[in-house]
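Every number here is computed from the coordinates shown, using simple stated rules; none is lab data. No experiment lies behind these values; they were computed from the predicted model shown. With ideal geometry, Cβ positions are generated from the backbone for all residues, glycine too; neighbour counts draw on all protein chains shown.
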Amino acid sequence: MYPTDCRYTKEHEWIKMDGAIGTIGITDYAQHELGDVVFVELPQVGAKIEAGQPFGTVESVKAVSEIYSPVSGEVAETNSVLGNEPEKINQDPHGAAWLVKIKLSNLTEVNSLMDAAAYQAYIAEKQKETSA
Amino acid sequence: MRYLPKSDSERREMLRAIGLESFDQLFQAIPEQYRLKQTLSVPGPLSEMEIIEYFRGRSAENSRGYTSFLGAGVYHHHRSVVTDALLQRGEFLTSYTPYQAEISQGTLQAIFEFQTLMCQLTGQEVSNASMYDGSTALTEAVLMAERLTARQRVLVARTVHPEYRQVLATYAKNTRLRIEEFGFTSSGQADLDAIRKAVDDNVAAVVVQSPNFFGVLEQFPALAEIAHGCGALCVVAIAEAVSLGIARPPAEADIVAMEAQSFGLPPSYGGPYAGVIATKEKFVRQMPGRLAGQTTDNQGRRGFVLTLATREQHIRREKATSNICTNQALCALAATIHLCLLGKRGLREQAGQNVAKAQFALAQMETIPGVRRAFTGPVFNEFVMEFPRSVKMINAELLKSKMIGPMALGRFYPELTKRGLVCVTETTTREEISRLVDGIDRALKIPV
Amino acid sequence: MSENIAKAGRHVNQSEGLIFEKSSPGKRGMELPPLDVPAVDAAKALGAEYVREGVEGFPEVSEIEVVRHFTRISTWNYAIDYGMYPLGSCTMKYNPRVNEFVARLEGIATEHPYQPVELSQGCLRVLKTLENILAEVTGMDAVTLQPAAGAQGELTGLLLIRAYLESKGNPRKKVLIPDSAHGTNPATAVIAGYAVENIKSDANGEIDAARLVETVNEDVAALMVTNPNTLGIFEQNISEIAEILHARGALLYMDGANMNALAGIARPGDFGVDVMHLNLHKTFSTPHGGGGPGAGPVAVKKILEPFLPTPVVVEKDGKFALDHNRPKTIGRVKAFYGNFGVLVRALAYALAYGPGMRQASEDAVLNANYIRKALEDVYELPYKLPCMHEVVFSDARQKKNGVNTMDIAKRLIDYGFHPYTTAFPLIVPGALMIEPTESECKEECDQFIDAMRSIAEEAATNPELVKTAPHTTRVGRLDEVTAARKPILRWKPGQ
């Protein structure tokens, strides 16, 4: 079910590349764990972000999750729709609810991320842990 | 012991049910050497009658029978007995923070009403449901301004309550904030030229109080313009909340930090009171403190819940907007009930009476030879007078006639010796004002 | 519904809108005496630019309407006066009414913080007497009553530690906080300028002393420990922990939120604590009032005394005074001298018990263990060490039927009780944290046990009933998601 044209992190972000621009969002697994998203905080356009570092937060009623960037680079665009309609993250995490577009400073960083199959296996393992 | 609802036989029965033989076994987890062997060396036990007797004794050691002209951040206003009667309903008094909304609708709706009243008074868009007091509200407002601007300089008027500034200094010491103070002019107002010269693009906030510590009203529009001109926020503290019944609200400010003691809370030797932070909607996620919001239940009925809780310490922990947990909910409720009783007309009338009494007292004081008004700016119910002798000496004489006179400003402002801050409210009678004027006149005539 | 519901019945409560919706121009609930000085035109006296019109939207209602409004909405609250309020870590005990009476006395409630000290001897004696009692109960050397609540007490405590370490040449960088701690601990450490390092509890739910030895170094300013901890377990290695810290120049801070288990039983000062705060609205019975006011006095060992907030109450020849001249002070954390009215109530409570507060602690621990024993066969007990004044279960067994701790808590409302604390401490997934306090008689404990057992049965046989609870309240479960997405934080006309 996870799009195969994306790469994934252990913190449950996805990134989809288009030239030097990567579009980043959180995965369906992540939105499910969070529950109803009520607020999203995103960086300013032009902000420099670093791979593995938090660049924003997603909030549900009683939890705050940081969003970790899969890659380093500069924020080229943010999804302004989420300001008024944070629920989009629950409805369409891999589509309309993308968070930011990043101009990557090092294109090779993407290669170290999981592909869809590896991510699928990773969360299957996680689900097994929590139900045990 | 009358507060403990178990007989010894019930205690033993419960102990047996647990499977223990002695009460000491309940504490087996505490290493033997730390279990207290001796009884505590503390006074008591006292019966209810003795407790009342004890505190009546303490009351007799205080200022009963004296007429006070003190204000300076704590005001004697009339409080309706209705407020205290309602506050003491067990449902308000003995309930916890309303986390379980279904059985806390009373507290939640009252908070929502409080938030509304505070917005109406201050001209701001949102208000929290209380901070500890005016001093910590102001401090939290400054910390909030730092988060919003990511800047470090804070320009604070010396006319802000000295104890508020002291609290701010304590909190700011271990942050990156740099607190700088600026002075006042002959009007007793914040020195706008000094602020204009001091601002730059690293200023997070310009902070004033109105009425300020000298009782003088500040000029919000000009202050806000200067602050906004350099991208800083304008923070306004209000220590005498009744002033908002007649004085221009700080609508131009970005954050208002208010002390609500004047709304139905007794002076009580300094607390508990109720601080408030009110601000613009766009800043709400950086505002500390609890918030109640309106919503609906699963059948579409109106109800209230605590909301935007992700700002708070129990969720965000080290990244919270503040460490505040317990606030001053019951004091905020007192203010809510008090303001509902007063209502639109009552508050206006009360504020008007304060202005009238102050104008009267000021004019009377000026008739005393050698006594003059220290600042020219507009005042609400407090004003500074300059005397030809030390305020301490005058007060010593006034005490002999059972009057607590002006507060000497030299303690906080070394350059303002011989100046005293006088406060009159709707509770001060014309006769009391005349006695004060006569008393000061007499004190000044005593040969040195 | 089970016949086990001995405590609760249904009763009618009245509907009531917002006060603003009852407003009608011209009504008022308070009148002032006629003005006895000449009236003034405020716009003329102050200048038109300083004056406003009447407050737009302010309510206009009569006295009876105000009384009914707040009485009606009050009945929508649960309260200690109704019954057991078993919120873990909150110590919801009986709030004696005489405390309310004495705090409102003429000559107590009426006193101004700036009145001369010679006219404040009663207030100052109250403060000093309470300081002495708290020092004796905690086994510490000095006390400040200035902090307004527990979180501000924590901040005061950490600022004292910082000032002390600074005087030794190095304030250090971080504060260690167990993963079972209250959220205020890490939030406070940050304001005091410290980085937070979380430390993991061991398999028993205690601090792992062996691992602590490796963690404490020259960068560590203090460890903040709650004892008994939030699992209700006494940290048995507490003095060893203190020694580890002291050996490396760090201090031990104790969060006294759970002091209700220890008053008269054991003293933190005796087991190595350097500084601690007390929540007077917990252990010393001052009313929670829907979320405050509280008071968070801080008790310290001698080495920290010079740094206490100013002013300090001093006594000389039976006369009391306020000492503002303390060169090493951390400064002031709150205007004036603390929440005096709350301190009065706490003193009234302490005087009522005297040394007998030991019995209160004992009854609190007895109640918690009695409930634990009666429920441990139906609810999962994740940590097995003996508990003190509170017990923490988990919803692991009920979870199998899709029922979680929040559902059980909400169902408890239908049985006439306030819920326990849910989902805290964080180290217990699906926690049910129950603190009955000493104020509950055996009958109330038994009814609570019956209710909890009945709900466990319902969770197995009719989980939907539990998951949709409460069924008997004025309003059902409220939509918190919309409240947070589209906040409505004030009333507006026509809303």
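Structure values in brief
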| read-out | value |
| --- | --- |
| A:Glu41/C:Asp141 FRET efficiency (R0 45 Å; Cβ-Cβ; nearest 0.05) | 0.45 |
| Alpha carbon convex hull of segment B:81-338, volume per residue in cubic angstrom | 128 Å³ |
| Extension reserve of the C:Gln14-C:His246 stretch, reckoned as 0.36 nm per residue once the Cα distance is removed | 77.6 nm |
| Efficiency of FRET from Cβ geometry, B:Thr429 and C:Lys44, R₀ 30 Å, rounded to 0.05 | 0.80 |
| Order of C:His69, A:His32 under a 10 Å beta carbon neighbour criterion, fewest first | A:His32, C:His69 |
| Convex hull per residue volume in Å³, alpha carbons only, for segment B:191-239 | 65 Å³ |
| Cβ-based net charge around B:Thr94, under 12 Å, with every Lys or Arg adding one and every Asp or Glu removing one | 0 |
| Mean-position separation - Cα centroids, segment C:412-475 and segment C:5-52, in angstrom | 40 Å |
| For C:Glu63, C:Glu214, C:Glu206, order by how many other beta-carbon atoms lie within 10 Å, fewest first | C:Glu214, C:Glu63, C:Glu206 |
| Neighbour-limited loop hits for trypsin sites (Lys or Arg not before Pro), segment C:1-91 (at most 12 other Cβ within 10 Å; DSSP other than H, G, I, E, B) | C:Arg10 |
| Cα-centred dipole magnitude for segment C:19-74, charges only on beta-carbon of K, R (+1) and D, E (-1), debye, nearest 20 | 240 debye |
| Order of C:Thr461, C:Thr75, B:Thr67, A:Thr9 under a 10 Å beta carbon neighbour criterion, fewest first | C:Thr461, C:Thr75, B:Thr67, A:Thr9 |
| Spread of Cα-to-Cα distances over 10 Å intervals beginning at zero, given as percent, for segment B:1-153 | 7, 15, 23, 24, 19, 11, 1 |
| Integer Hz, Karplus 6.51/-1.76/1.60 couplings in order for segment C:234-246, x for Gly and Pro | 6, 6, 5, 8, 4, 6, 5, 4, 4, 5, 4, 5, 4 |
| C-alpha center-to-center spacing [segment B:157-201, segment B:360-399] in angstrom | 26 Å |
| Estimated distance in nm for a label pair at C:Glu53 and B:Arg12, the labels positioned 7 Å out from Cα along Cα-to-Cβ | 7.7 nm |
| Angle in degrees between helix B:105-122 and the longest Cα principal axis of chain B, rounded to the nearest 10 | 10 degrees |
| Simple label model, 7 Å out from Cα along Cβ direction - C:His324 to B:Arg411, nm | 0.5 nm |
| C-alpha long axis of helix B:329-366 to longest principal axis of chain B, angle in ° | 20 degrees |
| Segment C:1-51: GluC sites (Glu not before Pro) in DSSP coil with no more than 15 other Cβ atoms inside 10 Å | C:Glu3, C:Glu31 |
| Ellipticity estimate at 222 nm from DSSP helix runs (n ≥ 4, -39,500 (n - 2.57)) divided over the protein assembly as shown, nearest 500 | -10000 deg cm²/dmol |
| Summed side-chain charge close to B:Gln115 - residues other than B:Gln115 whose Cβ falls under 13 Å, Lys, Arg +1, Asp, Glu -1 | 0 |
| Dipole of the protein assembly as shown, positive direction: furthest Cα of B:Gly44, B:Leu93, C:Pro178, with charges on the beta-carbon | B:Gly44 |
| Alpha-carbon centroids, segment B:241-292 and segment C:211-262: separation in whole Å | 38 Å |
| Convex hull projection area averaged over all views, the protein assembly as shown, Cα basis, nm² | 42.3 nm² |
| Rounded, prolate or oblate (a/c below 1.5 giving rounded, otherwise prolate when a/b exceeds b/c) for segment A:7-131 by Cα gyration tensor | oblate |
| Net charge contributed by nearby residues that have their C-beta within less than 9 Å of C:Val314 (K/R +1, D/E -1) | 0 |
| Simple Cβ-charge dipole of segment C:311-424, Lys/Arg +1 and Asp/Glu -1, about Cα centre, in debye nearest 20 | 420 debye |
| Chain B: angle of helix B:220-229 to the longest principal axis, Cα-based, in degrees nearest 10 | 80 degrees |
| Phi-based couplings in Hz for segment B:427-441 (Karplus 6.51, -1.76, 1.60; Gly and Pro marked x) | 7, 7, 8, 4, 5, 5, 4, 5, 4, 5, 4, 4, x, 5, 4 |
| Karplus-derived HN-Hα couplings along segment A:44-58 (A = 6.51, B = -1.76, C = 1.60, θ = phi - 60°), whole Hz, x at Gly and Pro | 6, 4, x, 5, 8, 10, 10, 4, x, 9, x, 10, x, 9, 10 |
| Efficiency of FRET from Cβ geometry, C:Ile64 and A:Thr57, R₀ 56 Å, rounded to 0.05 | 0.70 |
| Long pairs among B:Lys445/C:Lys328; A:Lys10/B:Lys173; C:Lys168/C:Lys282; A:Lys126/B:Lys319, criterion Cα-Cα beyond 31 Å | B:Lys445/C:Lys328; A:Lys10/B:Lys173; C:Lys168/C:Lys282 |
| Qualifying GluC sites (Glu not before Pro) in segment B:363-411, DSSP loop, other Cβ atoms within 10 Å at most 15 | none |
| Convex hull volume of segment C:322-455 per residue (C-alpha atoms, cubic angstrom) | 188 Å³ |
